[in-house]
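Here is the structure we will look at.
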Protein chains: 2
Amino acid sequence: MNKIEQTVKKITNIDVKLMDKAQERLDSLTKPQGSLGRLEEIARLIVGISGKETPELKNKVIFTFASDHGVAAEGVSAYPAAVTAQMVYNFLRGGAGINVLAKHAGARVVVADLGVAEDLKISPGLVIKKIGYGTKNMAKGPAMTKEEAIKSICAGIEIFEDEFARGIDIIGTGEMGIANTTAASAITAVFTQEKIEDITGRGTGINDAGLKNKITILKEAIKINKPNPGDAIDVLAKVGGFEIGGLAGTILAAASYKVPVVIDGFISGAAALIAYGIEPKVKDYMFAAHCSVEIGHKTILKFLGLKPILDLNLRLGEGTGAALGIGIAEASIKILREMATFKNAGVSERGK
Amino acid sequence: MNKIEQTVKKITNIDVKLMDKAQERLDSLTKPQGSLGRLEEIARLIVGISGKETPELKNKVIFTFASDHGVAAEGVSAYPAAVTAQMVYNFLRGGAGINVLAKHAGARVVVADLGVAEDLKISPGLVIKKIGYGTKNMAKGPAMTKEEAIKSICAGIEIFEDEFARGIDIIGTGEMGIANTTAASAITAVFTQEKIEDITGRGTGINDAGLKNKITILKEAIKINKPNPGDAIDVLAKVGGFEIGGLAGTILAAASYKVPVVIDGFISGAAALIAYGIEPKVKDYMFAAHCSVEIGHKTILKFLGLKPILDLNLRLGEGTGAALGIGIAEASIKILREMATFKNAGVSERGK
């Protein structure tokens, strides 16, 4: 049995009975029943996921995986491919958006190289699990081999498990990879069967001509590769990315350890689709942090039946939305844990 | 010149030039331009409000004002009026929703009695500025005199100014008062001219018969009192509440000190309407924390042209949504202050 199968086997159903108990507790707190709306929903689900009556969210971790994409050669991004590596160094120095927002949320950031096109300097805080020097150009053939797809998922599982030893109560997903909205659009199109035009956006900010080109390239990639929506690893291999495979592995691993996962935006959403394709049960372990400006993201959320926590017109990726979502999730758990009950506070309950 | 006039006189236009400068800085940071969406909008506006190029949000304060409402005698709430005082004690002991969420946001809570129906025990942390022992029943006549309305606004100004000495960089508004959604609905109806049915909700959770009764009472209150939408103090006096007047004063005071104001839900929104009726410039100093379940809140947001930061189906009040909104506002300012620029980080800018 390989690592992916081992991980999937450990994923159980969430504890619905304990969720009812959590709602009872929420209803006993000094507030009108249900008046904290989605905070109550989130707290309840975290109880069900963790299997703990009053879980704590002390250890918060964002996994930000970087990788390059062969399809960048087709001019699908507004930025040069060199930016992937440059941004990894920026993550390691603490200067990127994800560093600022993770710090605000009190979360650690685990930065990993899953397939950046150059050899990165060994640096403290950088996990190196390189599957290759970027994927191949999916417009010309499969992005990676099936073996590489499996390896990328296993790498994500390993990164999670290594970090789990340091304590993890909730995770967020994040990524960096020039041209990776192209891979995310391809994955979304394959699983949801929506038209390419309806799930392809401007990524980092391409113009109209660039968007037209991106759509043409995506159609070509799907036509040539014929990814099989019934086989998530085939989809990942043909039109995915190493960081996307890695995140899919991390999502599966988190679920197998009963850890809630806050999915960031569009590319993280594509990784969620891969994880869901491998094991549908993971869906119950996921929160959608926000609704991205990238139009395909809405399609993913609808497909997975996830309702975003935030809607702030974000489109940066890196895990930035997940960091903010984790802040709200933590607030919800503090409500469950720290509020007084009607009884303890001597507050009268509602009439009749 | 009275205190209200003095305060209003100090409210200036926000600094639009500095906001352009803030956007320049945001555009120089290592992210695609505009990719942090509303975080960028919020940061820019806080720069314009504060008049500082890189403001800090160290001192965060939620003002939670409590008061009783004579109209509670009409059975418009699911809870007995005694709950107002009981909840104030809960605030002071730290057991309420606002305590938990303010702590999560790193904000202080200032609890003030503007008109609770009983004498509260003097306690550390309780500000007593009682205008009366609850308002009169607006279904029978004006809720308060014009003098009391002015006094409640001045009390809110004074509470802000006293707290300002301890340091304030951003504030949130909050309230507690059994039956105060009835007052908020009346204020909303008068200013926005919408039908009572369209802006009246279930508050803490009344049933269909209760809602029908609440609507009847509201129509009666407006018919009897004829509040003048051109005179905000008249509206406050006839169908408002002491805590609503207090919050209106605090909002005006914050604007006069160039402090951004995060407005909580429906009742805070009604206070914002009063403040706006007194001085329309305050609108530029306001953020809408969230969109409440109370249907009238959407009408207020539309009327004031405010777009809520969060939408989490909250309807608790107390400032709970404002506390979460302040967390997002702080994140936005950290982006402005802490992210690396393309130049400093050695990251390539976009092509062409």
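Miscellaneous remarks
- Rounded D (µm²/s) - segment B:149-302, Kirkwood Rh over Cα pairs, Stokes-Einstein at 25 °C, 0.890 mPa s: 160
- Binned Cα-Cα distance frequencies in chain A - 10 Å width, integer %: 6, 27, 34, 20, 8, 3, 1, 0
- Using alpha-carbon coordinates, inclination of helix A:208-225 to the longest axis of chain A, degrees: 80
- Other residues whose C-beta falls under 9 angstrom from the C-beta of B:Leu26 contribute a net charge of 0, scoring Lys and Arg +1 and Asp and Glu -1.
- Considering only Cα atoms, the convex hull volume of the protein assembly as shown works out to 148 Å³ per residue.
- For segment A:3-19, the Karplus equation 6.51 cos²θ - 1.76 cosθ + 1.60, evaluated at θ = phi - 60°, returns couplings of 4, 5, 4, 4, 5, 4, 4, 7, 7, 9, 5, 6, 8, 5, 4, 5, 5 Hz by residue, with Gly and Pro reported as x.
- In a reduced charge model with +1 at each Lys and Arg Cβ and -1 at each Asp and Glu Cβ, segment A:199-352 shows a dipole moment near 440 debye about its Cα centre.
- Quarter of the Cα convex hull surface for segment A:253-352, i.e. its orientation-mean projected area (nm²): 9.0
- Label point distance in nm, A:Ala82-A:Asp20, each placed 7 Å from Cα along Cα→Cβ: 6.2
- Among the trypsin sites (Lys or Arg not before Pro) found in segment A:183-246, those both in a DSSP coil and sparsely packed, with 15 or fewer other Cβ atoms within 10 Å of their Cβ, are A:Lys195.
- A:Phe164 paired with A:Lys10, simple spin-label distance in nm, labels 7 Å along Cα-to-beta-carbon: 0.3
- Integer Hz, Karplus 6.51/-1.76/1.60 couplings in order for segment B:326-331, x for Gly and Pro: 4, x, 5, 4, 5, 4
- Charge context of A:Glu318, other residues only, Cβ under 9 angstrom, K/R +1, D/E -1: -1
- Plainly put, the tip 7 Å out from Cα toward Cβ on A:Glu118 is 7.2 nm from that tip on each other copy, the closest given first.
- Cα pair distances exceeding 19 angstrom across segment A:74-232, given as percent: 61
- With a cut-off of 14 Å between beta carbons, the residues surrounding A:Glu74 carry a summed charge of +3, where Lys and Arg count +1 and Asp and Glu -1.
- Computed extension gain for B:Ala73 through B:Lys140, at 0.36 nm per residue and net of the alpha carbon distance, reaches 23.0 nm.
- Cβ-Cβ FRET estimate between B:Gln33 and A:Lys121, R0 fixed at 41 Å, reported to 0.05: 0.90
- Base-10 log of normalised Debye intensity for segment A:9-167 (one unit scatterer per alpha-carbon) at q = 0.18 Å⁻¹: -1.10
- Here segment B:119-191 is assigned +1 on the Cβ of each Lys and Arg and -1 on the Cβ of each Asp and Glu. Its dipole about the Cα centre then comes out at about 380 debye.
- Accessible surface of chain A, 1.4 Å probe: 51 percent of it comes from carbon and sulfur atoms.
The values are calculated or read from the model by the stated rules, or taken from the named source; none is laboratory data. Note that this is a predicted model, so its numbers are computed, not measured. Please note: Cβ atoms are built from the backbone with ideal geometry, for glycine as well, and neighbour counts cover all protein chains shown. Calculation scope for accessible area: heavy atoms of the full protein, side chains included, ligands and nucleic acids excluded. Shrake-Rupley method; radii C 1.70, N 1.55, O 1.52, S 1.80 Å.
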